[in-house]
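See structure below.
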There are 2 protein chains.
Amino acid sequence: MNNKEKAFTSEQEQMARFAKALGHPVRIAILDLLASQTCCYHGDMSEVIPVAKSTLSQHLSELKEAGLIQGTLTLPSIKYCINRENWSRARTMFAGLFRDIEGNSYVCR
Amino acid sequence: MNNKEKAFTSEQEQMARFAKALGHPVRIAILDLLASQTCCYHGDMSEVIPVAKSTLSQHLSELKEAGLIQGTLTLPSIKYCINRENWSRARTMFAGLFRDIEGNSYVCR
DNA sequence: ATTAATATTCGTAATTTTGCGAACAATAGA
DNA sequence: TCTATTGTTCGCAAAATTACGAATATTAAT
């Protein structure tokens, strides 16, 4: 309990950031929409996702902040898309953890 | 903005729950340890992870709550392990989202 | 029965998240 | 220029998260 000098790796920090962004049903729903459609407009989403527009906006900006999506102004609306580069990073990181976990053959008893 | 009657699917809720549990550096660090070792004792973890023991305990119980790990009393300590069944569920769910996202060939512009 | 070792729970405080409606931009079209 | 459409930001409140040390429980060993 003494060598607390080293905090977390940036890998761990980044992974937690991605996971946290995915940690809310509204945000999962947003991503499901973006996965099933070519793109999504705020308006379309607010038809489907049961929260106030301002709340939706907040969740969208959290996903943007985490780098998982991006928005393009397409007047009179805004078009949201997956940020493929960061999404790929996230997939790689999650896959790594899952691989390490499941590759560990120890069985708990 | 009218058909707000249907909330989220249980799939979405569950996925968010898993992701939320992964959404903190301490908890990622715990899982990294569990992935690299056959098992882990609270004491061992508190040597490595820079938080108070009580805080560590809290994070452990959140991972337990989410079903991602389990603890077995192995006196005089407690041995923590991955919950393989739920971990496998999580992997499947994440893989599904990643597949859907990356399988979508639309490129944002 | 005491003591030592281990981990959780309690009490508390600070911070962050979540959610809503109202107010505020920004732009296209009449 | 006025109006309608679309999203974001603001202001606020409620709830959840994070963190710590102190107190508590549990069991092994003496």
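Some observations on this one:
- Dipole check for the protein assembly as shown: with +1 at the C-beta of Lys and Arg, -1 at the C-beta of Asp and Glu, and the Cα centre as origin, the magnitude is about 20 Debye.
- With a Cα cut-off of under 30 Å and a minimum spacing of 8 residues unless on different chains, the lysine pairs in chain B number 9.
- The fraction of all Cα pairs in the protein assembly as shown landing in successive 5 Å bins from 0 to the largest distance is 1, 7, 14, 18, 17, 14, 10, 8, 6, 3, 1, 0, 0, 0, given as whole percents.
- Taking all protein chains together and a 1.4 Å probe, the residues A:HIS59, A:HIS42, B:HIS24 rank B:HIS24, A:HIS42, A:HIS59 from largest to smallest accessible area.
- P(r) for region A:10-102, from all Cα pairs and a bin width of 5 Å, is 3, 13, 24, 25, 16, 10, 6, 3, 1, 0 %, short bins first.
- Heavy-atom accessible surface of B:GLU13, to the nearest 10 Å², is about 60 Å², with a 1.4 Å probe and all protein chains retained.
- Using only side-chain charges placed at the Cβ, +1 for Lys and Arg and -1 for Asp and Glu, the dipole size of region A:10-102 relative to its Cα centre rounds to 140 debye.
- Considering only A:MET93, A:GLY71, A:ALA52, and ranking their Cα positions along the charge dipole of region A:10-102 that arises from unit charges at the beta-carbon of Lys, Arg, Asp and Glu, the one farthest toward the positive end is A:GLY71.
- 0 to 90° range, to nearest 10: angle between helix B:25-36 axis and chain B longest Cα axis: 70 degrees
- Given a 1.4 Å probe and the protein chains as shown, B:ILE28 ends up with an accessible area of around 0 Å².
- Within the assembled protein chains, the solvent-accessible surface assigned to A:THR72 is about 40 Å², based on a 1.4 Å probe.
- Ellipticity estimate at 222 nm from DSSP helix runs (n ≥ 4, -39,500 (n - 2.57)) divided over chain B, nearest 500: -18500 deg cm²/dmol
- When you restrict to C-alpha pairs under 8 Å that are six or more residues apart and normalise by the size of chain B, the relative contact order lands at 24 percent.
The values are calculated or read from the model by the stated rules, or taken from the named source; none is laboratory data. All values derive from a computational prediction rather than experimental measurement. FYI the Cβ positions are ideal-geometry reconstructions off the backbone, even for glycines, and counts take in every protein chain you see. Note: areas computed on protein heavy atoms with side chains; ligands, DNA, RNA excluded. Shrake-Rupley method; radii C 1.70, N 1.55, O 1.52, S 1.80 Å.
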